[in-house]
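*Asks:* One structure follows; several queries about it will come next.
The values are calculated or read from the model by the stated rules, or taken from the named source; none is laboratory data. This one's a predicted model, so the numbers in the text were calculated from it and none came from an experiment. Cβ atoms come from the backbone with ideal geometry, glycine included; neighbour counts cover every protein chain shown. Each accessible area value is taken on the protein alone, full model and side chains, heavy atoms only, with ligands, DNA and RNA left out. Shrake-Rupley method; radii C 1.70, N 1.55, O 1.52, S 1.80 Å.
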Amino acid sequence: ITPSRKQISDCLEQHPLRLSPGVDTLVTKLQQRGTDVYLVSGGFRLMIEPVAEELGVNVKNIYANTILFDDDGEYAGFDSDEPTSADQGKPKALGQIKEAGGYETMIMVGDGATDAQAKPPADAFIGYGGVVRRDAVAAKADWFVTDFETMIDIASKEKSK
């Protein structure tokens with residue numbers, strides 16, 4: 001597949017990405033308590049940026065694949081320097097985030113096998129099955145959820161000092 005910039009734009013316009021119910025509230029609650037939120041995806045940055053904008057996540061906190069385009073907007077490849085562009089990319093990205101941010105604790109939330117691979121460096125993996133339940137994800141998760149309500153309740157509590 002070699003999509004042009006216009007084809008991707010048209011796809012996003014015709015098929016807008018939809019957030020899972022409650023994820024926006026969870027991100028807001030985490031940010032209100034001072035928790036940094038990152039979006040780490042094996043998908044394409046151009047498709048993740050609108051999600052980040054809707055969630056209020058800084059685009060600098062996106063780790064995803066960057067498609068390169070020529071001057072005419074035609075596909076010219078992808079940035080192979082992005083950690084997510086190769087096998088085991090999510091663990092590599094989380095390692096970079098953890099080191100750069102000096103984080104002692106990091107939790108990965110995701111719905112796929114590559115998300116589960118990110119522990120370690122993540123200290124815990126929360127599997128999400130609200131769209132599709134994947135038994136392999138549930139088996140590897142420290143905690144498996146099908147909605148964000150309990151995480152929202154936890155994030156709403158005061159941080160312990």
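*Asks:* Taking the criterion of being in contact with a strand residue (DSSP E or B) (Cβ under 8 Å, 6 or more places away or on another chain) and open to solvent by 30 Å² or more (accessible area, probe 1.4 Å), would at least one residue in region 121-128 satisfy it?
*Replies:* Yes, because at least one residue in region 121-128 is in contact with a strand residue (DSSP E or B) (Cβ under 8 Å, 6 or more places away or on another chain) and open to solvent by 30 Å² or more (accessible area, probe 1.4 Å).
*Asks:* Take the residues in region 45-84 that are assigned to a loop (DSSP other than H, G, I, E, B) and touching a helix residue (DSSP H, G or I) at 6+ places or on another chain (Cβ under 6 Å); name whichever of them is farthest from residue 29 (Cα to Cα). Let's see the steps before the verdict.
*Replies:* Taking region 45-84 and keeping what is assigned to a loop (DSSP other than H, G, I, E, B), we get 56-58, 66, 70-74, 79-82.
Retained after the next criterion (residues that are touching a helix residue (DSSP H, G or I) at 6+ places or on another chain (Cβ under 6 Å)): 66, 73.
On the way: 66: 29, 73: 38 Å.
Top of the filtered list is 73.
*Asks:* For the subset of region 49-66 comprising residues that are closer than 15 Å to residue 90 by Cβ and open to solvent by 30 Å² or more (accessible area, probe 1.4 Å), which member is nearest to the chain's Cα centre (by Cα)?
*Replies:* Taking region 49-66 first, the residues closer than 15 Å to residue 90 by Cβ are 61-65.
Adding the requirement that they be open to solvent by 30 Å² or more (accessible area, probe 1.4 Å) leaves 61, 63.
Numbers: 61: 9, 63: 8 Å.
Out of the qualifying residues, it is 63.
*Asks:* Pull up region 1-19, narrow it to residues that are surrounded by 14 or more Cβ atoms within 10 Å (Cβ to Cβ) and not hydrophobic (A, V, I, L, M, F, W, C), then point me to the one that is nearest to residue 112 (Cα to Cα).
*Replies:* The residue in question is 3.
*Asks:* Okay, moving on. With the requirement that a residue be β-branched (Val, Ile, Thr) and buried (at least 17 other Cβ atoms within 10 Å of the Cβ), what does region 67-106 give you?
*Replies:* 67, 84, 97
*Asks:* Taking the conditions exactly as written (out of contact with any Asp or Glu (no Cβ under 9 Å at 6 or more places or on another chain) and of a type in the set (Val, Ile, Thr)), does residue 23 satisfy them or not? Please lay out each step first, then the result.
*Replies:* Values: out of contact with any Asp or Glu (no Cβ under 9 Å at 6 or more places or on another chain): yes; of a type in the set (Val, Ile, Thr): yes.
Judged against the criteria, residue 23 is a match.
*Asks:* Search region 34-44 for residues being assigned to a loop (DSSP other than H, G, I, E, B) and touching a helix residue (DSSP H, G or I) at 6+ places or on another chain (Cβ under 7 Å), and hand back the single one that is farthest from residue 90 (Cα to Cα).
*Replies:* In the first step, residues of region 34-44 are kept if they are assigned to a loop (DSSP other than H, G, I, E, B); the result is 34-38.
Those still in the list that are touching a helix residue (DSSP H, G or I) at 6+ places or on another chain (Cβ under 7 Å) too: 36-38.
Details: 36: 17, 37: 15, 38: 12 Å.
Selected residue: 36.
*Asks:* Quick check: anything in region 141-160 more than 25 Å from residue 29 (Cβ to Cβ) and either surrounded by 15 or more Cβ atoms within 10 Å (Cβ to Cβ) or of a type outside the set (S, T, N, Q) (or both)?
*Replies:* Keep residues of region 141-160 that are more than 25 Å from residue 29 (Cβ to Cβ), which gives none.
Within region 141-160, none of the residues are more than 25 Å from residue 29 (Cβ to Cβ) and either surrounded by 15 or more Cβ atoms within 10 Å (Cβ to Cβ) or of a type outside the set (S, T, N, Q) (or both).
*Asks:* Here is a check on your reading of the model: is residue 39 modelled with pLDDT of 95 or more, aliphatic (A, V, I, L, M) and surrounded by 13 or more Cβ atoms within 10 Å (Cβ to Cβ)?
*Replies:* Values: modelled with pLDDT of 95 or more: yes; aliphatic (A, V, I, L, M): yes; surrounded by 13 or more Cβ atoms within 10 Å (Cβ to Cβ): yes.
Criteria met by residue 39.
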